[in-house]
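Working notes for the structure below.
The values are calculated or read from the model by the stated rules, or taken from the named source; none is laboratory data. Because the structure is a prediction, the values reported are computed rather than measured. Neighbour counts are summed over all protein chains in view; Cβ atoms, including those assigned to glycine, are modelled from backbone coordinates with ideal geometry.
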Amino acid sequence: MAETPQIHGTLLARNTALNLIGQVIPLLVGLATIPYVVRGLGTERFGILSLAWLLLGYFSLFDLGLGRATTKFVAECLGRGEMDRLPGVVWTALGFQVLSGVAGGLLVGALTPLLVDRILKIPSSLVGETKTTFFILAASLPFVLASNSLRGVLEAGQRFDMVNFIKVPASISVFLLPAIALPFGLRLPGIVLLLVLARLGSTLAYLLVCFRIFPVLRHSIRFSFQSKILRPLAAYGGWLTVTNVVSPVLVYADRFLIGSLLSVSAIGYYAAPYEAVARLSVLYGSLVTALFPAFSSLRSAGDLDGLEHMYAKSIKFLLLIVGPVMLVLVFFARNLLLLWLGEDFALHSTFVFRLFAVGFFLTSLFVVPFTLLQGLGRADITAKFHVAELFFYVPLVWVLTMHWGLRGAAIAWTCRVIGDGVLLFGAAWRVFSFSPVLLIRKPCSRSILLLTGFGLLLYLVAKLEITIFLKGALTAGLAIAFYGGVWNYVLDPPEKGIIGSLARYLATAPRESN
């Protein structure tokens, strides 16, 4: 049982694939079960259940950045082989997260009467159920936050197989347990109690797996109040908290401004394509989750060549994976909106849909320097960027929406994404000497050329006066040719070996688990 992971391309690819599968499976279960749950609960109770799901997701604001901080500092301990420091880091972070959870739970419980009676428009018949539901959620906060640190320990050890083995059932239970509970006549408090018990079970599972993989945590339970451990955790977590607070404002400020400057219906024309394109985040989010501890571990081990290699290769593979999807969305935006939402949305949302596709593609590339900065301890830089962008972005959205409506809002959003990317690549270059010019010249040049050729051919297909089904067939043929070109002219032998190793792992993993 290796306690210090060896970071290499095959491991990163395997972890990325596991993370992607771990995100897709719960999504499919949710799509299948939500209609049944809506019919069984009714729209009002389902709305309250949705708020419960939202609260479970956003309880991370009480995390104070300690979950991600745990991943970073544990990865550094493993990278340097300092197993003696591991218990102090893990148990200190875990202890503070539990204390933060207790304080947050008391705050949520105290605010529940105000929230239910004054702010939310809850029907009088459901007020009692809603309050009990929120009180149960408040009581769950300590161990919900504790699971963040425990999962972070496993991620730092590159054990994404065990992370997803626990996380996938836990995520599925969020959708499946309400569907199972309905035939037994459980009301909202009972359903939410089941969800909380499932989260408690996953927390205990994380703890037991941490004990098995890192026995030193079981044999040495100690909390350290030394400044050399506590101060870096608190400082790093504090900057992450700034990012966690500001990011939702950057994401949702445009919708509030559209609602106030244009109309509520305009929000729908704007939000629907955004939410559709935002699903692309599973393509790069799976990689980023695996990259973060890898960057921290490589830096602490002093492997700067490996760090730069992984940085460049990550951008190369994101170009090849997300780039073709973006081009399809851009050139077939109107056709896709017609099929999905109808003529009205195709008329109002095609332009913003295209901008969102380009923006999320760029975001997929920009998250690599973002993750590099945070993984190497410079969360202060990313937090300062987000705060600065807030003061620039909100006035820009206001002005452009006033003049150009939804198009102006989408242009403002895209400008913020591009500005964020320029800052992040610039910071990676200035702080760590990772030049973006070097990336274009060496590992990504052929990828960019091939992607450009694919885009030109796709543009010609989009302009043909043929049925959408024939266009789809031609697009599929171009995609096959594109990835054939990638295999023959872009991937080097080690990268082909990584893909082959990943394919063999995914093919044998189900049998091995049995």
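Being part of a helix (DSSP H, G or I), under 18 Å from Pro248 (Cα atoms) and of a type in the set (Ser, Thr, Tyr), is that true of even one residue in the stretch 387-395?
If we filter the stretch 387-395 for residues that are part of a helix (DSSP H, G or I), which is where we start, we get 387-395.
Pick out the ones that are also under 18 Å from Pro248 (Cα atoms) and you get 387-395.
Still in the list and also of a type in the set (Ser, Thr, Tyr): 393.
Yes, because at least one residue in the stretch 387-395 is part of a helix (DSSP H, G or I), under 18 Å from Pro248 (Cα atoms) and of a type in the set (Ser, Thr, Tyr).
Of the residues Val168, Val144, which is assigned to a helix (DSSP H, G or I), among the β-branched types (Val, Ile, Thr), at pLDDT below 85 and touching a helix residue (DSSP H, G or I) at 6+ places or on another chain (Cβ under 8 Å)? Before the answer, list the steps.
Details: Val168 fails: at pLDDT below 85.
Step by step, each of Val168, Val144 is checked, and only Val144 is assigned to a helix (DSSP H, G or I), among the β-branched types (Val, Ile, Thr), at pLDDT below 85 and touching a helix residue (DSSP H, G or I) at 6+ places or on another chain (Cβ under 8 Å).
Quick check on Gly497: is it touching a residue at least 40 places away in the same chain (Cβ under 8 Å), surrounded by 12 or more Cβ atoms within 10 Å (Cβ to Cβ) and within 22 Å of Asn335 (Cα to Cα)? Steps first, please.
Details: touching a residue at least 40 places away in the same chain (Cβ under 8 Å): yes; surrounded by 12 or more Cβ atoms within 10 Å (Cβ to Cβ): yes; within 22 Å of Asn335 (Cα to Cα): no.
When the stated conditions are applied, Gly497 does not pass them.
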What are the pairs with Cβ atoms under 9 angstrom where one residue, in the stretch 76-97, is outside the structural domain of Leu145 (by TED's automatic domain parsing) and the other, located anywhere, is acidic (Asp, Glu) and surrounded by fewer than 23 Cβ atoms within 10 Å (Cβ to Cβ)? Sequence gap at least six, or different chains.
none
So if I check each of Pro123, Pro169, Pro183, which one is touching an Asp or Glu at 6+ places or on another chain (Cβ under 8 Å), surrounded by fewer than 18 Cβ atoms within 10 Å (Cβ to Cβ) and either assigned by TED's automatic domain parsing to the domain that holds Gly79 or more than 30 Å from Arg80 (Cβ to Cβ) (or both)?
Pro123
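Could we say that Gly128 is surrounded by fewer than 19 Cβ atoms within 10 Å (Cβ to Cβ), without any contact (Cβ under 8 Å) to a residue 12 or more places away in the chain and either part of a helix (DSSP H, G or I) or touching a His at 6+ places or on another chain (Cβ under 7 Å) (or both) here? Show your work before the answer.
Working: surrounded by fewer than 19 Cβ atoms within 10 Å (Cβ to Cβ): yes; without any contact (Cβ under 8 Å) to a residue 12 or more places away in the chain: yes; either part of a helix (DSSP H, G or I) or touching a His at 6+ places or on another chain (Cβ under 7 Å) (or both): yes.
Yes.
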The one condition in (1) free of Cβ contacts under 8 Å to residues at least 60 places away in the same chain; (2) crowded, with 23+ Cβ neighbours inside 10 Å that Leu396 fails to fulfil
(2)
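If the requirement is being modelled with pLDDT of 90 or more and in a helix (DSSP H, G or I), which of these qualifies: Ala205, Ala181, Ala198? Steps first, answer last, please.
Numbers: Ala181 fails: modelled with pLDDT of 90 or more; Ala198 fails: modelled with pLDDT of 90 or more.
Matching residue, one of Ala205, Ala181, Ala198: Ala205.
Of Val431, Val417, which residue is at pLDDT below 90 and either touching a Ser or Thr at 6+ places or on another chain (Cβ under 6 Å) or assigned to a helix (DSSP H, G or I) (or both)? Give the derivation first.
Details: Val417 fails: at pLDDT below 90.
Criteria check complete, one pass: Val431.
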Residue match in the stretch 375-396 (condition: under 27 Å from Leu491 (Cβ atoms) and not aliphatic (A, V, I, L, M))
yes
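For the structure I just gave you, tell me whether Gly88 is under 16 Å from the mean Cα position of the chain (by Cα), modelled with pLDDT of 75 or more and either more than 19 Å from Leu207 (Cα to Cα) or surrounded by fewer than 23 Cβ atoms within 10 Å (Cβ to Cβ) (or both). Lay out the reasoning, then the answer.
Numbers: under 16 Å from the mean Cα position of the chain (by Cα): no; modelled with pLDDT of 75 or more: yes; either more than 19 Å from Leu207 (Cα to Cα) or surrounded by fewer than 23 Cβ atoms within 10 Å (Cβ to Cβ) (or both): yes.
Criteria not met by Gly88.
Regarding Ser364, is this residue over 21 Å from the mean Cα position of the chain (by Cα), modelled with pLDDT under 90 and under 17 Å from Tyr274 (Cβ atoms)? Explain how you work it out, then say what you get.
Values: over 21 Å from the mean Cα position of the chain (by Cα): no; modelled with pLDDT under 90: yes; under 17 Å from Tyr274 (Cβ atoms): yes.
Judged against the criteria, Ser364 is not a match.
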Conditions first: (1) buried (at least 20 other Cβ atoms within 10 Å of the Cβ); (2) aliphatic (A, V, I, L, M); (3) at pLDDT 90 or above. Val387 passes all but one, so which condition is the exception?
(1)
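Might you let me know whether the stretch 98-116 holds any residue that is outside any helix (DSSP H, G or I) and either under 25 Å from the mean Cα position of the chain (by Cα) or assigned by TED's automatic domain parsing to the domain that holds His219 (or both)? Spell out how you get there, then give the answer.
Narrowing the stretch 98-116 to residues outside any helix (DSSP H, G or I): none.
No, the stretch 98-116 contains no residue that is outside any helix (DSSP H, G or I) and either under 25 Å from the mean Cα position of the chain (by Cα) or assigned by TED's automatic domain parsing to the domain that holds His219 (or both).
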Yes or no: Ser260 modelled with pLDDT under 80, within 24 Å of Phe391 (Cβ to Cβ) and loosely packed, with under 14 Cβ neighbours inside 10 Å?
yes
Pro232 fails exactly one of the following numbered conditions: (1) without any contact (Cβ under 8 Å) to a residue 12 or more places away in the chain; (2) of a type outside the set (Lys, Arg); (3) not assigned by TED's automatic domain parsing to the domain that holds Val417. What is the number of that condition?
(1)
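Would you confirm whether any residue within the stretch 377-387 is under 27 Å from the mean Cα position of the chain (by Cα) and closer than 18 Å to Glu308 by Cα? If you could, list the steps in order and put the result at the bottom.
Looking only at the stretch 377-387, we keep the residues that are under 27 Å from the mean Cα position of the chain (by Cα), and these are 377-387.
Remaining after also requiring closer than 18 Å to Glu308 by Cα: 377-378.
Scanning the stretch 377-387, I find at least one residue that is under 27 Å from the mean Cα position of the chain (by Cα) and closer than 18 Å to Glu308 by Cα, so the answer is yes.
Determine, yes or no, whether Leu439 is modelled with pLDDT of 90 or more, under 26 Å from the mean Cα position of the chain (by Cα), over 22 Å from Val352 (Cα atoms) and assigned to a helix (DSSP H, G or I). Step through it out loud before you land on a result.
Working: modelled with pLDDT of 90 or more: no; under 26 Å from the mean Cα position of the chain (by Cα): yes; over 22 Å from Val352 (Cα atoms): yes; assigned to a helix (DSSP H, G or I): yes.
No: the conditions fail for Leu439.
Take the conditions at pLDDT below 80, among the aliphatic types (A, V, I, L, M) and over 18 Å from Glu155 (Cβ atoms) and apply them to Leu337. Does it pass?
On the way: at pLDDT below 80: no; among the aliphatic types (A, V, I, L, M): yes; over 18 Å from Glu155 (Cβ atoms): yes.
So Leu337 fails the test.
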